[in-house]
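Accompanying notes for the structure given below.
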Amino acid sequence: MEKIFVATSNKGKLKEIKEILKPIEIISIYDVLKNPPDVVEDGNSFEENAKKKGELLSRFVDGFVIADDSGLVVDALGGKPGIYSARYAGENATDLDNNLKLLNDLNGVPFEQRDAKFVCVIALCKSGKTIETFYGEYKGKIGFELKGGNGFGYDPLFVLDDGRTMAELSSDEKNRISHRREALSKLKKFLDNVSKNS
Ligand code: ITT
């Protein structure tokens, strides 16, 4: 596998996908499509949304396309923000807006009850069809303040077992353990088998 298109407009995701899938050449589909269609993420699960993005955008290029649908699942909030992670604080919410809303919604909840996990589903698609999906997750807790300047999204609030937040890890450290790494490792194995058998 020499090159794969990635159907994401999220720069944080794109950077991590590139680093994790090295040496495969990763091309953002939004760099090659002049008028990309709008993807409406109205599925009921990470998997449905990943497939939807990948299937729609893979109709416009020749080759494999991967789409990543991911988010944060917080137990004390009944699984929210979940599939709505990107727009938790509103349609055009920034990462900071979302983090502040999360802190607010967890106001008064003690640390023992702040369990959370990051989830990532990668859909591998071609010519409008999903070939396979791959799942990854990473468990932690939601802290009481934003800490760290690396990563993106909810990383500054996501506390690991060692007390650091995901945003306090170097990109190499995050990419060795993350939900995205788990899903992409499964994808890599799958692609290796495909190329061995073709
Ligand atoms: P695309 O659909 O274009 O890929 P998006 O940002 O809208 O970009 P999602 O719908 O999958 O993507 O939403 C993912 C959100 O979940 C993202 O905006 C972050 O807020 C959060 N998220 C996902 N992975 C994360 C990670 O590794 N660290 C922190 N937050 C993450």
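The values are calculated or read from the model by the stated rules, or taken from the named source; none is laboratory data. Bear in mind the structure is a predicted one, so any value in this text is a computation, not a measurement. Cβ sites come from the backbone with ideal geometry, for glycine too, and all protein chains shown count toward neighbours.
Things to note:
- Among the criteria (1) away from the ligand (no atom under 14 Å from the Cβ); (2) assigned to a loop (DSSP other than H, G, I, E, B), the one VAL39 does not fulfil is (1).
- Within segment 98-114, residues that are in contact (Cβ under 8 Å) with a residue 24 or more places away in the chain reach partners that are among the polar types (S, T, N, Q) with beta carbons closer than 8 Å, at six or more positions or on different chains, in the pairs ASN98/SER85.
- Across segment 64-101, the number of residues qualifying as outside any strand (DSSP E or B), within 11 Å of the ligand (Cβ to nearest atom) and under 17 Å from LYS139 (Cα atoms) comes to 3.
- Criterion: under 17 Å from PHE134 (Cα atoms) and in contact with a Lys or Arg (Cβ under 7 Å, 6 or more places away or on another chain) - qualifying residue of ILE20, ILE27, ILE83, ILE66: ILE20
- Verdict on VAL61 being at negative phi and either modelled with pLDDT of 95 or more or part of a helix (DSSP H, G or I) (or both): yes
- The condition of being in contact with a Gly (Cβ under 6 Å, 6 or more places away or on another chain) and either at pLDDT 95 or above or not aliphatic (A, V, I, L, M) (or both) holds for only one of ALA89, ALA93, ALA123, ALA76, that being ALA123.
- Pairing each residue of segment 1-17 that is touching a residue at least 40 places away in the same chain (Cβ under 8 Å) with any residue that is within 11 Å of the ligand (Cβ to nearest atom) and among the aromatic types (Phe, Trp, Tyr), provided the two are 6+ apart or on different chains, yields C-beta distances under 7 Å for GLY12/PHE152.
- Of the listed requirements (1) more than 15 Å from the chain's Cα centre (by Cα); (2) crowded, with 17+ Cβ neighbours inside 10 Å; (3) charged (D, E, K, R); (4) within 27 Å of LYS141 (Cα to Cα), GLU55 misses just one: (4).
- Residue check for LEU184: of a type in the set (A, V, I, L, M, F, W, C) and in a loop (DSSP other than H, G, I, E, B): no
- Residues that are aromatic (Phe, Trp, Tyr), closer than 17 Å to GLY71 by Cβ and either more than 16 Å from the ligand (Cβ to nearest atom) or out of contact with any Pro (no Cβ under 7 Å at 6 or more places or on another chain) (or both) occur at least once in segment 117-133.
- Filter result for ILE142 (closer than 30 Å to GLU25 by Cβ and among the hydrophobic types (A, V, I, L, M, F, W, C)): no
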